[in-house]
Amino acid sequence: MAETAVPGRLRRLPWLTATVRHVVAETARARTIALGVEGWSGHRAGHHLDVRLTAEDGYQAERSYSIASAPEDDLLAITVELVDDGEVSPYLAGALEPGDTFEIRGPIGGYFTWSADEPGPLLLVAGGAGLVPLMSMLRHRAARGAAVPAHLLVSARSPDDVLYRDELPALEPREGLRIAHTYTREPPPGWTGWRGRVDAAMLADVSPGRDARCFVCGPTPFVEIVNDLLVAAGHDPREVRAERFGPTGG
């Protein structure tokens, strides 16, 4: 999930020190940051967390990020996409190095989560960086060896903007797993698949059925359109869960 400003609300969750173990470049503007966090209580696939940075003069900035790692992974991971003129993402997506530390608290959420012990099938729809929490679900599915049917539709501007593009084709178990893409600006050379924004025909083709549990994540306009399309197609509104993000101070 792209970063979002943290509303001024009280939390009982403690701030914990996160130490950067390693960093992976996902795209030209996004990095996955693997963290060691002493005292982390664990999370469910789909949860997010808060990040707090403190400047030398004491100024603090907070943002929320979806968790990219599976609950079974040894390290906690977030994927951060650069927000131009931002306060937090330029450091996390650019300057931060292994060994650096910052504060986090979480896990946060619960409505937008899934466990392999729960029923499927799953329909996952991602717009840009909205793939992050859905990737946590797919990594969790792989870690558990669960053959729960899971169909993913990723909307991105171009192949170079797709997060985890090397990992997605290698996800297991392949049984029940389908991954589809639509490109809104620059499809790859020779591309014969979908182009343009997600529409009803795409969703009808990729959906594993009207009984699917749907998780939609991306920018607010994207999420609202996809949510309306799924309900219009006959999906139970109670089974369409959405997480959205919009412009923030970065």
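No value in this document is a laboratory result; all are computed from the given coordinates. Computed from a prediction, not measured in an experiment: that's the story for all the values here. Here the Cβ is made from the backbone with ideal geometry for all residues, glycine too, and neighbour counts use every protein chain on show.
Of all DSSP beta bridges in the chain, what percent run antiparallel (nearest 5)? Don't skip to the end; give the middle numbers.
On the way: 33 of 59 bridges.
If I count the DSSP bridges inside the chain, around 55 percent turn out antiparallel.
Would the chain count as rounded, prolate or oblate if I go by the C-alpha gyration tensor, calling it rounded below 1.5 in a/c and otherwise prolate when a/b exceeds b/c, oblate otherwise? Spell out each step's value before the answer.
Values: a/c = 1.66, a/b = 1.48, b/c = 1.12.
Prolate, because a/c is 1.5 or more and a/b exceeds b/c.
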Checklist line | Residue-averaged [θ]222 nm for the chain, counting only DSSP H segments that reach four residues, each worth -39500 (n - 2.57) | finding: -4000 deg cm²/dmol
Notebook entry, point to check: Against the longest principal axis of the chain, how steep is helix 220-232, in degrees 0 to 90 to the nearest 10, with axes from Cα atoms?
Noted result: 30 degrees
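If neighbour count is taken as other Cβ atoms inside 10 Å, put PHE215, PHE245 in order from fewest to most.
Values: PHE215 26, PHE245 23.
Taking fewest neighbouring Cβ atoms as first place, the list is PHE245, PHE215.
Contact order normalised by length for the range 121-219, with contacts defined as Cα pairs under 8 Å and 6 or more residues apart; what percent is it?
On the way: 181 pairs, mean separation 40.6, N = 99.
It rounds to 41 percent for the range 121-219.
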Check: When the Cα centres of the range 221-242 and the range 119-149 are compared, how far apart do they sit, in Å?
Finding: 17 Å
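How big is the dipole moment of the range 122-245 about its Cα centre under a simple scheme where the beta carbon of each Lys and Arg is +1, that of each Asp and Glu is -1, and everything else is neutral? Debye, nearest 20, please.
That gives a dipole near 140 debye.
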Checklist line | Most mobile listed residue (ALA200, ALA126, ALA45) in the chain, GNM with C-alpha springs under 10 Å | finding: ALA200
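DSSP loop trypsin sites (Lys or Arg not before Pro) in the range 1-110 with at most 16 other Cβ atoms within 10 Å of their Cβ, which ones? Spell out each step's value before the answer.
Details: sites: ARG9, ARG11, ARG12, ARG21, ARG29, ARG31, ARG44, ARG52, ARG63, ARG105; in loops: ARG9, ARG11, ARG12, ARG29, ARG44.
Hits after loop and neighbour filter: ARG9, ARG11, ARG12.
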Next item on the list: For the chain, set up a Gaussian network in which alpha carbons nearer than 10 Å are linked by springs, and say which option among ALA233, ALA34, ALA95 fluctuates the most.
Entry: ALA95
Notebook entry, point to check: Once amide H atoms are built 1.01 Å from N in the peptide plane, which residues 5 or more positions from GLU26, or in another chain, come under 5 Å H to H?
Noted result: ARG31, THR32
Check: All other residues with a Cβ under 10 Å from the Cβ of ALA212 taken together, and with Lys, Arg as +1 and Asp, Glu as -1, what is their net charge?
Finding: -1
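So if a site counts as exposed when it's one of the GluC sites (Glu not before Pro), its DSSP state isn't H, G, I, E or B, and it has at most 15 other Cβ atoms within 10 Å, what's the longest stretch of the chain without one? It would help to have the intermediate numbers written out before the result.
Numbers: sites that count: GLU38, GLU56, GLU72, GLU167, GLU175.
With a cap of 15 other Cβ atoms within 10 Å, the longest stretch comes to 73-166.
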Check: Build a GNM of the chain with springs between Cα atoms under 10 Å: which of ILE225, ILE33, ILE108 gets the top mean-square fluctuation?
Finding: ILE225
